[in-house]
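The structure under discussion appears below in the form of structure tokens.
The values are calculated or read from the model by the stated rules, or taken from the named source; none is laboratory data. These numbers come from a predicted model, not from an experiment. Cβ atoms come from the backbone with ideal geometry, glycine included; neighbour counts cover every protein chain shown.
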Amino acid sequence: MHRTTIRLIAPSGYAHDPAAMTRGVARLREAGCTVDGVEVLARTEQRFAGSDAERAADLNALATMDTLPDIALATRGGYGAARLLPHLHFDALRERLHDQPLALVGHSDFTALQLALRARSGLCTFSGPLLADLGAEPRSVVSWQQFWGTLTSSAAAASWSTATAVDIDMEGPLWGGNLAVLCSLLGTPYFPQIDDGILFVEDVGEPPFRIERLLYQLHLSGVLARQQALVLGSFSQCDPGARDNGYDVSAAFAQIRAVAGIPVLDGLPHGHGADQLTLPFGAAARLRVAGHAARLDFSDYPHLDRPPPASVAENP
């Protein structure tokens, strides 16, 4: 039986929690996976997982490998991916990876690479758990099962309850990621032009006024007007400050709902929380909401042509 091969890439911060990384590698190997590239976990240069050249090489190597891994998994987020964008071989990556079942997975700072790879190479990637998340303690069974359930299926779905009571049924490309990172690439050649999309965003550690300001940036730049819906994921550790005087994240979201001109849904269980979805960035999607019940179906994305590890059916 073919063993699922996972290659680690470290495009952003260094492995500041080596215990979590070790657990993540061990759990993947216990599931029957071959894990390559573990040497990136030892790289450190200031706050980064190696030099810009080393970290860019993690991605560029995928364009020249004779045998591709099944999954290229980012180790952690932080900051640093934007520094790599001028050094990535987008044409070569498009030529090698187009129509291949390789799953590029990560979130947080990894959003910069997802945006750029979509804009410059037309690739579909995945907003999902990092190696650090798969090695987190306590372990998230939800994240583990969602990770494998999406990557080993040609179609998947997520359901949740939203505070926004609307009735909608729409189809379009699914895209998004970390809000601050997404906005940081607006106006650059690395920001994809996606129309009639279903845009999801999440963030961590940003005060409410900054979240509203970032969402206004999407609104005033015309990005929101070109989408069919905005879906809000988790916004953890985004607490009001001493001067906010009752203004919180809910107030920021209410303001955006008032000006966006498109449905704005909340409650998507995805982001920097303990439980994460694995969402294909660039896949075909269908969003349905009836009352407070929301469902997002997605298909037409790279996936492994084999069942998930046997441990996924049980609590791992």
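Looking only at segment 148-178, count every residue that is surrounded by 14 or more Cβ atoms within 10 Å (Cβ to Cβ) and of a type in the set (S, T, N, Q) and tell me the total.
Going through segment 148-178 one residue at a time, the tally reaches 6.
So which pairs qualify, if the first residue must be in segment 8-29 and touching a residue at least 60 places away in the same chain (Cβ under 8 Å), the second must be part of a strand (DSSP E or B) and of a type in the set (A, V, I, L, M), the Cβ gap must be under 6 Å, and the two must be at least 6 apart or on different chains?
If the second residue must be part of a strand (DSSP E or B) and of a type in the set (A, V, I, L, M), the pairs left are LEU8/LEU73; ILE9/ALA72; ILE9/ALA74; VAL25/VAL35; LEU28/ILE6; LEU28/VAL35.
Please enumerate the residues belonging to segment 66-91 that are over 25 Å from GLU45 (Cα atoms) and among the β-branched types (Val, Ile, Thr).
THR67, ILE71
For ALA103, work out the one condition from (1) closer than 26 Å to THR22 by Cα; (2) more than 15 Å from the chain's Cα centre (by Cα) it doesn't fulfil.
Here ALA103 meets the rest and fails (2).
Over 16 Å from THR5 (Cα atoms), modelled with pLDDT of 95 or more, surrounded by 20 or more Cβ atoms within 10 Å (Cβ to Cβ) and not hydrophobic (A, V, I, L, M, F, W, C), is that true of ARG47?
Answer is no for this residue.
Find the residue count for segment 253-275, including only residues that are within 24 Å of MET170 (Cβ to Cβ) and surrounded by 13 or more Cβ atoms within 10 Å (Cβ to Cβ).
Residues in segment 253-275 being within 24 Å of MET170 (Cβ to Cβ) and surrounded by 13 or more Cβ atoms within 10 Å (Cβ to Cβ): 15 in total.
Inside segment 70-83, can you point out the residues that are crowded, with 22+ Cβ neighbours inside 10 Å and closer than 15 Å to ASP58 by Cβ?
Those that are crowded, with 22+ Cβ neighbours inside 10 Å and closer than 15 Å to ASP58 by Cβ: ILE71, ALA72, LEU73, ALA74, THR75, ARG76, GLY77, GLY80, ALA81.
With the structure loaded, tell me whether LEU224 is within 18 Å of the chain's Cα centre (by Cα), closer than 23 Å to HIS292 by Cα and in contact (Cβ under 8 Å) with a residue 24 or more places away in the chain or whether it fails that test.
Criteria not met by LEU224.
Which pairs turn up if I take residues in segment 291-304 that are within 17 Å of GLY233 (Cβ to Cβ) and look for partners that are of a type in the set (Phe, Trp, Tyr) and part of a strand (DSSP E or B) with beta carbon separation below 7 Å, at least 6 apart in sequence or on another chain?
Partner pairs satisfying both residue conditions: ALA294/TRP160.
Could you grab me the full set of residues in segment 18-32 that are in contact with a strand residue (DSSP E or B) (Cβ under 7 Å, 6 or more places away or on another chain) and either surrounded by fewer than 18 Cβ atoms within 10 Å (Cβ to Cβ) or within 20 Å of ALA49 (Cα to Cα) (or both)?
Selection gives VAL25, ARG29.
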